[in-house]
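Here the structure is laid out as structure tokens; the discussion comes afterwards.
The values are calculated or read from the model by the stated rules, or taken from the named source; none is laboratory data. Everything numeric in this text was worked out from a predicted model, so none of it was measured. With ideal geometry, Cβ positions are generated from the backbone for all residues, glycine too; neighbour counts draw on all protein chains shown. Calculation scope for accessible area: heavy atoms of the full protein, side chains included, ligands and nucleic acids excluded. Shrake-Rupley method; radii C 1.70, N 1.55, O 1.52, S 1.80 Å.
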Amino acid sequence: MLLKRFEARTLPAALARVRAECGDDALLVETKATRTGFVVVAARPQPANARAADDAAAARPARWTRGFQQLAEAATGFGLPDAVLRAVENALLGTRVDLSLPGDPALPGLAAKVLASLVRCDRGVEDCDPAFRAIALIGPTGVGKTTTLAKLAARARDRGERVAILTLDTYRMAAVEQLRAYADLLATPFEVCFTATDLRRALRTHADADRVFIDTTGRSPADRDALPLLEGNLRAGECATMLCLAAGTRGRDARVVLDAFAPLGLDAVCLTKWDETVAPGEALGAVVERGLPLSHVCFGQEVPQDIVAADPQALADAAFDLRHAQVAS
């Protein structure tokens with residue numbers, strides 16, 4: 001599901017642009033008013049061959065009930081693991097829908113509701129939850145932590161919050177300068193922290209900020225020496241953590257990442273680079289299997305536009321390829 005952003009002075013005009021580019025079957029992910037008009041985030045429907053598994057490893061050996069078969073195949077192309085789909089099917093077996101034959105009109109919507117109930121989402125970052133006042137973005141190298149931080153900071157500013165930006169990523173000077181540029185654009189305070197003591201001091205300095213976003217150095221899940229140091233820094237600052245995980249990460253790799261970063265405490269997960277994959281279900285499934293809270297989905301480089309708050313129903317509708325769904329976050 002590839003997401004794209006459309007702007008227009010009126011909502012009908014924005015929807016007309018969506019229909020012109022994405023067709024009548026476009027999936028509307030977010031619709032919101034702006035100072036100059038309306039913004040709609042929409043997805044172009046994928047052709048069936050794009051949703052099909054592209055290797056033998058993705059083939060599903062499990063046998064589904066006849067009624068659930070078509071939905072399971074769509075979700076397989078999306079990348080959802082068998083364990084998640086089996087949980088959905090087992091839940092449906094306890095309802096009044098008929099899974100013995102295909103065609104029950106109530107089945108797709110009910111299946112999506114069941115899947116949505118398995119996707120745990122946390123809107124604490126968006127809802128000014130005090131637990132997320134100081135939040136550090138963590139994750140492997142190259143997943144888009146710095147850009148995601150800038151998007152979150154801009155959204156917080158748009159909500160009227162006072163924002164400060166800190167960085168522990170002193171490994172790459174380019175990252176420091178990129179984040180400094182974002183802070184200048186947002187007219188927010190920015191500081192570089194080299195040690196846990198620096199971080200504690202900076203947090204005290206910006207005690208009047210409603211939200212403090214902290215960038216960190218990308219770490220390989222295999223780097224067993226660096227992760228404890230990062231953990232110590234974040235615990236010293238009593239920071240909440242948001243793991244950035246690329247949506248195109250294969251299931252096994254996603255589980256390795258989640259296991260490696262789990263000791264840091266995972267208060268939220270953001271799926272990044274959603275626009276760079278046609279099978280985000282493997283990463284999503286790994287998050288669901290762990291029962292971790294999903295907070296946001298990022299789908300491009302534009303700041304602050306290319307991010308939406310995670311919505312369980314929208315994700316479930318996308319997984320089962322249900323069209324004509326409209327979800328505003």
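Checking the structure you have, find out if any residue of region 161-173 is surrounded by fewer than 23 Cβ atoms within 10 Å (Cβ to Cβ) and small (Gly, Ala, Ser). No.
Conditions (1) at pLDDT below 95; (2) part of a helix (DSSP H, G or I); (3) acidic (Asp, Glu); (4) over 21 Å from Asp122 (Cα atoms), marked per residue:
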| position | (1), (2), (3), (4) |
| --- | --- |
| Pro263 | yes, yes, no, no |
| Leu266 | yes, no, no, no |
| Val269 | no, no, no, no |
| Ala283 | no, yes, no, no |
| Ser295 | no, no, no, no |
| Val303 | yes, no, no, yes |
| Ala316 | no, yes, no, no |
| Leu322 | yes, no, no, yes |
| Ser329 | yes, no, no, no |
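Against the condition free of Cβ contacts under 8 Å to residues at least 12 places away in the same chain, among the small types (Gly, Ala, Ser) and either out of contact with any strand residue (DSSP E or B) (no Cβ under 8 Å at 6 or more places or on another chain) or surrounded by 22 or more Cβ atoms within 10 Å (Cβ to Cβ) (or both), how does Ala226 come out, does it pass? The answer is yes for Ala226. Residues in region 85-107 that are open to solvent by 40 Å² or more (accessible area, probe 1.4 Å) and part of a helix (DSSP H, G or I): Arg86, Ala87, Asn90, Ala91, Leu93.
Residues checked against (1) open to solvent by 70 Å² or more (accessible area, probe 1.4 Å); (2) modelled with pLDDT under 75:
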| position | (1), (2) |
| --- | --- |
| Arg19 | yes, no |
| Thr36 | yes, no |
| Val41 | no, no |
| Arg44 | yes, yes |
| Asn49 | yes, yes |
| Ala52 | no, yes |
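Within the set Gly232, Gly285, Gly291, Gly281, the sole residue that is more than 30 Å from Asp198 (Cβ to Cβ), open to solvent by 10 Å² or more (accessible area, probe 1.4 Å) and in contact (Cβ under 8 Å) with a residue 12 or more places away in the chain turns out to be Gly291.
Within region 254-276, being farther than 17 Å from Val84 by Cα, of a type outside the set (Gly, Ala, Ser) and out of contact with any strand residue (DSSP E or B) (no Cβ under 9 Å at 6 or more places or on another chain) holds for Val256, Asp259, Pro263.
Across region 123-156, what is the total count of residues that are touching a Ser or Thr at 6+ places or on another chain (Cβ under 7 Å), over 22 Å from Arg200 (Cβ atoms) and of a type in the set (Gly, Ala, Ser)? Within region 123-156, residues that are touching a Ser or Thr at 6+ places or on another chain (Cβ under 7 Å), over 22 Å from Arg200 (Cβ atoms) and of a type in the set (Gly, Ala, Ser) number 1.
Pairs linking a residue in region 304-324 that is in contact (Cβ under 8 Å) with a residue 60 or more places away in the chain to a residue that is open to solvent by 30 Å² or more (accessible area, probe 1.4 Å) and small (Gly, Ala, Ser), with Cβ atoms under 7 Å and 6 or more positions apart or on different chains, are Val308/Ser329; Ala309/Ser329; Asp311/Ser329. Scan region 65-94 for residues that are aromatic (Phe, Trp, Tyr) and farther than 14 Å from Leu315 by Cα and the total you get is 1. Taking the criterion of being under 16 Å from Leu168 (Cβ atoms), open to solvent by less than 10 Å² (accessible area, probe 1.4 Å) and within 24 Å of the chain's Cα centre (by Cα), the residues of region 179-223 that qualify are Leu179, Ala183, Val212, Phe213, Ile214, Asp215, Thr216. Each residue in region 109-144 was checked for being closer than 21 Å to Ala83 by Cβ, in a helix (DSSP H, G or I) and open to solvent by less than 60 Å² (accessible area, probe 1.4 Å), and 6 pass. The set of residues in region 218-257 that are among the hydrophobic types (A, V, I, L, M, F, W, C), assigned to a loop (DSSP other than H, G, I, E, B) and in contact with a helix residue (DSSP H, G or I) (Cβ under 7 Å, 6 or more places away or on another chain) contains only Ala247. Taking (1) under 11 Å from Ile138 (Cα atoms); (2) surrounded by fewer than 23 Cβ atoms within 10 Å (Cβ to Cβ) in turn, Gln301 satisfies each apart from (1). Between Ala247, Ala279, the distinction of being closer than 22 Å to Leu85 by Cα and out of contact with any strand residue (DSSP E or B) (no Cβ under 8 Å at 6 or more places or on another chain) belongs to Ala279 only.
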